[in-house]
Structures are given as C-alpha cells and as structure tokens.
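Read through the structure below, which is laid out as structure tokens, and then see the notes.
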Amino acid sequence: MPPEDRTKLLLVDDLPENLRALHALIRQDDREIFEARSGEEALALLLEHEFALAILDVQMPGMDGFELAELMRGTEKTRHIPIVFVSAAGRELNYAFKGYETGAVDFLYKPLDYYAVQSKVSVFVDLYQQRNETRRQVAALEKSRQEQEILMRELHVTQRRLQNAVHMRDEFMSMVAHELRTPLNTLFLETQMRRMQLERGDLAVFNAERLDKMVARDSRQIQSMIRLIDDMLDVSRMRSGKLSVRPAPTELSGLLARVVGDLTAQAAAAGTTITLLADERVDGMWDEFRIEQVIVNLLTNAIRYGRKQPVEVSLVGTANSARIYVKDQGEGISAEDQQRIFEPFERGAGSSIPSGLGLGLYISRQLVEAHNGTIAVQSHPGKGTVFTVTLPLSPDHHLAPEA
C-alpha cells in the first residue's frame, strides 16, 4: 500500500524495548507507525503528521504522558487525536482517572493484553478511516454540487443565448420580409398598372419620357433589393471568414466625388444636400469597391438620420494614413448606443428611425478593419454625429483604435 494511503499511529515511550514490543503488536500493512522517546519528539511529529491514534506512556522523564496530553488538547491541530495511556504503575495510583481527565479515550496497564490492544487499536483505526472516507465523500459531493452549479449556470447562459439567437433570427426574418416587401410591392403595382394600360390600349403612357421614369423607378427598387441581398451575403462571408479584400492603387478624393455625385439625387429627395471637402489628392492601397461601400453606408445613414440638415464629407491625408469624416446635424447618438450600433441588426434608438436591417455600420467596421484601419464615432444627443474612418496608406500598416 502506498505510504500516503496508510493510517498513521504514534507511539511514545522513553524505553526502546517498550516501543519495539508495542510496534510489533499493532503493526499491519495498512498502518504507518511513528515512534517518539520523549514528549518533545512526540510534539514535533504531531505537528508534522496527522495521526489516527496516539499511545502514550504515562511515566517518562521530563515531560510525562499527562503533560503531553494537555499540550495536545490545547492545540487545534492535535486536540482531536484519540489518546490511549499505558502505565506500569499499579491501579492504586489512580492514573486512569487522571488520564481520562486529560482527555484520554482509554487507559491500559502493563503487562498489556495482546488481543485487547489489537482490538482497541483496530477500532480507532477503523473509525479514523471511516471519518476520512466520509470526508472524501462529502468533498466529492461538494465538488460535484459545485460542478453542477457551474454546469447549470452555463446551461442557463446557453439557453439565454439560444433564446436570443432565435429571437434575432425571427426579428431578422421579419425585417428582411419587410424590407423586401416594399420594393417588391412597388414593382408589382407598377407591373399591374402597365398591364392594365396595355389591355386598354392606352399606349400614350409609354412615350419616351414616361418610359424613362418607369425604368428609373424600377431600377431604384431593384437596386434596393440587390443592396439588401449583398448586405446579407457580406455578413455571411464575414462570419465564415470568407470576405475578400483586394487592395489596389486607389485615389480617395476622386472616389469620394463619385460617391457624392451618385447620392446627390437621393439626398435631394430626402430634403438635404451633401458637401464634399476633398481638394487634396490622397493615394493608397485599398479595395476601391469595399471603401466605396463603407462611404455609401455612412452617407446613407447621414441622409436618413440627419433631420434634412446638410451633410458634410471631408478628406484629410497624413504621412501614413487617410482620414474620411462624415458629419451630419441629426439627433445624435447616446453614449450607450455608440458601441451597440456597430453590432449586426442594431439600429438607432427611437420609434421614428428609418427602416433597414441595421447591417450598414457592422459591415463598414468589418471592411475598415480588414484594411487594418479604424472607424470611430463622436456624437452627443441633439448635436449631430461625426464618423471618422482612418485608413493606413499601406495594407501592411496597422492602426491603433481611436479612443
């Protein structure tokens, strides 16, 4: 049996022959027996080991058995160790009474009864082993309980996440259906009107000017659906790590001029204007299509949330980076919402917010970070919002996030 699994017993007697005799009497494979020839030696062993039983000789020079027992009872580590006294003195000295007063569990007189000693020691060894086994079982049960509590907490967290995921899925499907329904309904109604006009032979409505307007309306509705589908595909690519960014030589001022020109009609329809401040040429290595996608998202949001106030886009070049600022004069974004808006399917707070899936800013941040750049927002309720996109001129350069 390994030493760490054996039950430890302590024998204390000043006579070596008594120790040898008692040792031979009680030894077994599952026991480890320690011997001490004085009270001082015994105390050193008691402080170092955990014993199931201490057998003490009463009459020893220096510290006798009773004094050792009193010291044991006064120390937390040793006060619970059962003590059996052994004495060669006659019963008339009443040592047994004194022994029991000092906390002994038994008192034996020499010459020792072989079977009585073995029986008594076996009882205390069994009790000690049972207590240890009980402690181990209690500890195991407590560990199991703690593990179950941890597991239950993890299950509750997982359940909440699953519920949240189901809720987000349902909300997402509802938003997608709503966003697709609007352009589809418009296209369907336009088609029905044209069919009715054709059936009536009213061909005058299909002159060049009206046809041009019809095609423009159809194109806007189709582009709206394409953008929606592209956004969903981009999110899927980002989450699977398959979004591709292909940097190439790109000039930003020209890119911004083109995007602002494309969105001028949309801004006018929303009752606002876009001002571009980008006189300086800024060249770098970027994926032109993806950067354009970011600017379109930011400008579209500024038009939506800008309360029909002018929107400003500006470009500043530095030694290692380019900064694009998109500023509106809308209601602003609260501090607690400024991080949330970059999460997927999140939109501004309030009941009057425009429709949308809430993917634009999430996609924009992912695209900017794919260029090793940063996107930041500064806003105060009622004072408008400024989004800042910072892009390194080289795709190998990393920028630290702005505070």
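Could you quote the convex hull projected area for the range 159-240, Cα atoms only and averaged over all directions, in nm²?
Mean projected area of the Cα convex hull: 6.9 nm².
For the range 4-78, what class follows from the C-alpha gyration tensor (a ≥ b ≥ c being the square roots of its eigenvalues): rounded when a/c is under 1.5, otherwise prolate if a/b is larger than b/c, else oblate?
oblate
Using +1 on the beta carbon of Lys and Arg, -1 on that of Asp and Glu, and nothing else charged, what's the dipole of the range 242-352 about the Cα centre, debye to 20?
Its charge dipole is roughly 200 debye.
Using r as the Cβ-Cβ distance of ALA24 and LEU141, and R0 as 30 Å, what FRET efficiency do you calculate, to the nearest 0.05?
It comes to 0.15.
How much of the calculated P(r) for the chain lies past 26 Å, in percent of all Cα pairs?
70 percent
Quick check on the exposure proxy: order PHE85, PHE107 from fewest to most C-beta atoms within 10 angstrom.
Starting with the residue having the fewest Cβ neighbours, the order is PHE107, PHE85.
Starting from the Cα gyration tensor of the range 203-284, take the square roots of the eigenvalues, sort them a ≥ b ≥ c, and report rounded, prolate or oblate (rounded when a/c is under 1.5, otherwise prolate if a/b is larger than b/c, else oblate).
Note, shape of the range 203-284 comes out oblate.
How would the range 210-337 be classified by its alpha-carbon gyration tensor: rounded, prolate or oblate, with rounded meaning a/c under 1.5 and the a/b versus b/c comparison settling the rest?
rounded
Determine the sum of side-chain charges near VAL260: Lys and Arg each +1, Asp and Glu each -1, restricted to other residues whose C-beta is under 12 angstrom from that of VAL260.
For residues surrounding VAL260, the net value is -2.
With a point put 7 Å past each Cα toward its Cβ, work out how far PHE206 is from ALA319 in nm, to one decimal.
Label-label distance for PHE206 and ALA319, simple model: 6.6 nm.
Relative contact order for the chain: what is it in percent, counting Cα pairs under 8 Å that are at least 6 residues apart?
Taking the mean separation of contacting Cα pairs over the length of the chain, I get 9 percent.
Quote the charge dipole size of the range 159-240 about the Cα centre in Debye, to the nearest 20; the model charges only the Cβ of Lys and Arg (+1) and of Asp and Glu (-1).
For this selection, approximately 260 debye.
What is the spin-label model distance, in nm, from ASP262 to GLN223 if the labels are put 7 Å beyond Cα along the C-beta direction?
Between ASP262 and GLN223, the label points sit 0.8 nm apart.
Charges only on Cβ, +1 for Lys and Arg, -1 for Asp and Glu: so what's the dipole of the chain about the Cα centre, in debye to the nearest 20?
Roughly 2040 debye for the chain.
What is the extension gain from VAL157 to GLU133, computed as 0.36 nm multiplied by their sequence separation minus the C-alpha to C-alpha distance, in nm to one decimal?
The VAL157-GLU133 span can extend by a further 5.1 nm.
Check the chain and count each lysine pair with an alpha-carbon distance under 21 angstrom, considering only pairs eight or more places apart or from different chains.
Going through the chain pair by pair, I get 8.
Of PRO82, ALA257, THR273, whose Cα points farthest to the positive end of the dipole of the chain (charges on the beta-carbon: +1 Lys, Arg; -1 Asp, Glu; origin at the Cα centre)?
The listed residue farthest towards the positive side: THR273.
Using Cα pairs closer than 8 Å and at least 6 residues apart in sequence, work out the relative contact order for the range 254-324, in percent.
Reported relative contact order: 40 percent.
Starting from the Cα-Cα distance between ALA248 and ALA165, subtract it from 0.36 nm times their residue separation and give me the gain in nm to one decimal.
26.1 nm
Each value in this text was obtained by applying a stated rule to the coordinates, not by laboratory testing. What you see is a predicted model; the values in this text were computed from it and never measured. Reconstructed Cβ throughout: ideal geometry from the backbone, glycine too, with neighbour counts over all protein chains shown.
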